[in-house]
Amino acid sequence: MSQIATPAHLGQTPAAGDARGAPIADDDRLEVVLGEIAAGAAERDRERGHPFAAIDVVRRARLGAVRLPVADGGAGYSFPELFRLVVRLAEADPNVAQILRAHYSFVEQRLISPDRAAGARWLGLVADGAILGNATTELGPRNVGFGRAADPATAVRREGDRLLLRGTKYYCTGTLYADWVSVLAAGPDGAPGSVVVPVDREGVTVEDDWDGFGQRLTGTGTTRFDDVVVAEDELLRVDPANGPYLQGAFLQLYLTATIVGIVRNVARDATDLVRSRSRTFTHAPTAEAVTDPLLQRTVGEIASQAYAAEVTVGAAAEALGRAVDSVVGGVGDPDLAHEASLRVAQAKVVIDALGVRVAGELFDVGGASATARGAGLDRHWRNIRTLASHNPASYKALAIGDLLINGTRLPDNGFF
């Protein structure tokens, strides 16, 4: 376990007022950036090589700003366009995609918040390339998804003329690579809210202690806040628009889109694996692997499932976009938000199972050599299985069935 008090990657974000240029939006430039992120991804997974350089590529390309309006230094991406980008990022390196999950969620919360003044500050940093991580989850006896109304143990207190943040958070995905971290905490008045502080501020300790067998490099570890000094304008209140349906649907669809990106990678690896085979079995239908109808069929089925999964995520993203577009003055249409939650849940139920199956089918087109550690093909199954374990699909299917049969609305907490 390593501890990072002052991550070496900090200080590389352009200063406010520097020439920003435009975030990557056109296809040719995006392909170059995705190629840089993809380079060495399999080796990083195998050797536990942290993708700091890949995240710096994200900073320079300002991919974190694509949802901002063009007038505010962004690319004006729609929700389908954003999730298409998430799929492509995950295809390049699923660790990098998941590292940015909390960042994109933070951006959405600020975009729909009625507190425009506070939002302008943080979105300005995002426009300049800053990356934000998260510190939300605490361990304890409460069930997962107890809701934002419960008081977190992490809190900001007043001590003289200072505000001090103290607490410990777990599963802080992306914070290891971030410039700032958004912390769910009770405010000085005891009301739940959030605090945004730089990760290199004194008293912040980021621990690289995530030991899952998949998504190994996401920095999903522990973050400690030991009397961290907080400025008044670093306190953010909870907005009604950032309610459970919208928040939960966005975060869940993000994970599902990441699985789809991995499935796209599986389809490509399956094709390359068949092409690279120099021999086959003596009892195979043909003398060469590339003309074997069984292998051709398997590759075709994998590619078709990847296409179907991507279309499904796109449809769910459109529903989520309609819900977000309905927000006026911090309040959105609850029926559209519920509809988005349903579509996202349905996508997860299908794609979780599809992804795990496809990652296994990859080995049906290779011999025993495909299982070699150096090939790194096991990483697809490990990563998909880890992502799918967030908010298990069985609970989603149960809730969907109850809704359709009995009209029971879906759970309204941010973990559904």
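What follows is calculated from the coordinates using simple rules that are stated; it is not laboratory data. Computed from a prediction, not measured in an experiment: that's the story for all the values here. Please note: Cβ atoms are built from the backbone with ideal geometry, for glycine as well, and neighbour counts cover all protein chains shown.
Quick notes on this one:
- The mean of 1/r over all distinct Cα pairs in region 241-406, once inverted, gives the Kirkwood hydrodynamic radius of 17.5 Å.
- Amide H partners (placed H, <5 Å) of Val197, local residues excluded: Val181, Val183
- With Cα atoms, 0 to 90° folded angle of helix 79-92 axis to the chain main axis: 60
- Relative to the longest principal axis of the Cα atoms of the chain, the long axis of helix 378-388 makes an angle of roughly 40 degrees.
- A simple spin-label model places the labels of Asp28 and Leu404 4.7 nm from each other, with each point 7 Å out along Cα-to-Cβ.
- C-alpha long axis of helix 52-61 to longest principal axis of the chain, angle in °: 70
- A protection proxy built from the mean count of other Cβ atoms within 10 Å ranks the segments 62-74, 298-310, most packed first, as 62-74, 298-310.
- Think of each Lys and Arg Cβ as +1 and each Asp and Glu Cβ as -1; about the Cα centre, that makes the dipole of the chain roughly 620 debye.
- Sequence-separation-based contact order of region 241-406, relative, with Cα cut under 8 Å and 6+ spacing, percent: 32
- Cβ charges +1 (Lys, Arg) and -1 (Asp, Glu), total dipole of region 323-416, debye: 480
- Segment Glu301-Ala353, length gained on full extension (0.36 nm per residue, minus Cα span): 17.2 nm
- A simple packing score, the average count of other Cβ atoms within 10 Å per residue, orders the peptides 336-347, 402-413, 384-395, 258-269 as 258-269, 336-347, 384-395, 402-413, with the highest score first.
- Based on every Cα atom in region 322-416, Rg and the maximum pairwise Cα distance Dmax equal 18.2, 59 Å.
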